[in-house]
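Before any comments, here is the structure.
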Amino acid sequence: MTTPLRSLVLLYLVGIAACEYDASDRCGPHQVEITNDRCACVEGYVPGARGCVPCDDNEQERSGECVCVDGYARAAPAAACEALPGGLGTECDDAKPCRSQDFPECHVTETQGGYCTTTGCKTSTDCEGGYMCMKDGASSYCRRPPVGYGQKCKSQDDCAAGDATFCEMLQSHVCIVPCSANNTTVCFEGEQCCDFSQFNAGTVCTPAAACSAPGIPLGGP
């Protein structure tokens, strides 16, 4: 046997050995078997393009997705988690007012209590930490992203603790913000309150472009 041919045979045999099936180890790196034919990522890892990958700095795994830890936020959905400016988003109420000169306004919500922010913004570029400028009658304020927005969910119960209380279970399986024709102010800048009830997807805040085709626009910022 010539040397090149012998090398090919050896490579072939090594390949067979490397691909040998191990019934006791069905899953890949950073995975755990949950049924006889299904694997899941271990704690701290999420599904990626090539198997399970760890969350980045200042992130934690929650419901199969990497989210920012407390005190950190994303300026955009794909951005890294960065520390919130001191005082922004701090819990507050009448008994515990905001003490930061940069974020002196305590904005109180119906479900999540109050948080420190600023007023008088003209556009969202005037806001920090991923907050967005919202009109509130004659005034405006920098509004915190909805608590739980984009979190992975399997049922409505998975979203109940946040502001994004509706679980979209048809495609994306994430928590989104419900709205109604009489309550469109809950939607963020660039979103509309859109009626997808004909698809059993509820009446929710969605990007205006996504609402214009299949849904019925009910209004919004």
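Which members of the stretch 159-195 meet the condition of being under 12 Å from Cys211 (Cβ atoms), modelled with pLDDT under 85 and over 20 Å from the mean Cα position of the chain (by Cα)? Result: Thr184, single match. State whether the residues of the stretch 91-106 include one that is under 22 Å from Glu59 (Cα atoms) and touching a Ser or Thr at 6+ places or on another chain (Cβ under 8 Å). No - not one qualifying residue is present in the stretch 91-106.
Considering only the stretch 25-100, give the strands (runs of 3 or more DSSP E) lying wholly within it that have at least 3 residues that are farther than 24 Å from Cys127 by Cα and either touching a residue at least 24 places away in the same chain (Cβ under 8 Å) or over 15 Å from the mean Cα position of the chain (by Cα) (or both).
31-35, 38-41, 51-54
Mind checking which residues of the stretch 148-172 are open to solvent by less than 50 Å² (accessible area, probe 1.4 Å) and under 22 Å from Met132 (Cα atoms)? Within the stretch 148-172, Gly148, Gly150, Gln151, Cys159, Gly162, Asp163, Ala164, Phe166 qualify.
The listed residues are Glu110, Glu105, and the only one of them that is open to solvent by 60 Å² or more (accessible area, probe 1.4 Å), at pLDDT 90 or above and either under 25 Å from Cys187 (Cβ atoms) or small (Gly, Ala, Ser) (or both) turns out to be Glu105. Of the residues making up the stretch 173-189, those that are under 28 Å from Glu105 (Cα atoms) and open to solvent by less than 50 Å² (accessible area, probe 1.4 Å) number 10.
Among the residues of the stretch 137-182, those that are touching a Ser or Thr at 6+ places or on another chain (Cβ under 8 Å) and assigned to a strand (DSSP E or B) comprise Ser139, Ser140, Tyr141, Cys142, Arg143, Lys152, Cys167, Cys175, Ile176, Pro178, Ser180.
Of all residues in the stretch 197-221, those satisfying the criterion of being at pLDDT 75 or above, open to solvent by 30 Å² or more (accessible area, probe 1.4 Å) and either in a strand (DSSP E or B) or within 26 Å of Ser155 (Cβ to Cβ) (or both) are Ser197, Gln198, Phe199, Thr203, Pro207, Ala210.
The values are calculated or read from the model by the stated rules, or taken from the named source; none is laboratory data. From a predicted model like this one, the values you see are computed outputs, not experimental measurements. With ideal geometry, Cβ positions are generated from the backbone for all residues, glycine too; neighbour counts draw on all protein chains shown. For the accessible areas, the whole protein counts, side chains as well, though only heavy atoms, and no ligand, DNA or RNA atoms are used. Shrake-Rupley method; radii C 1.70, N 1.55, O 1.52, S 1.80 Å.
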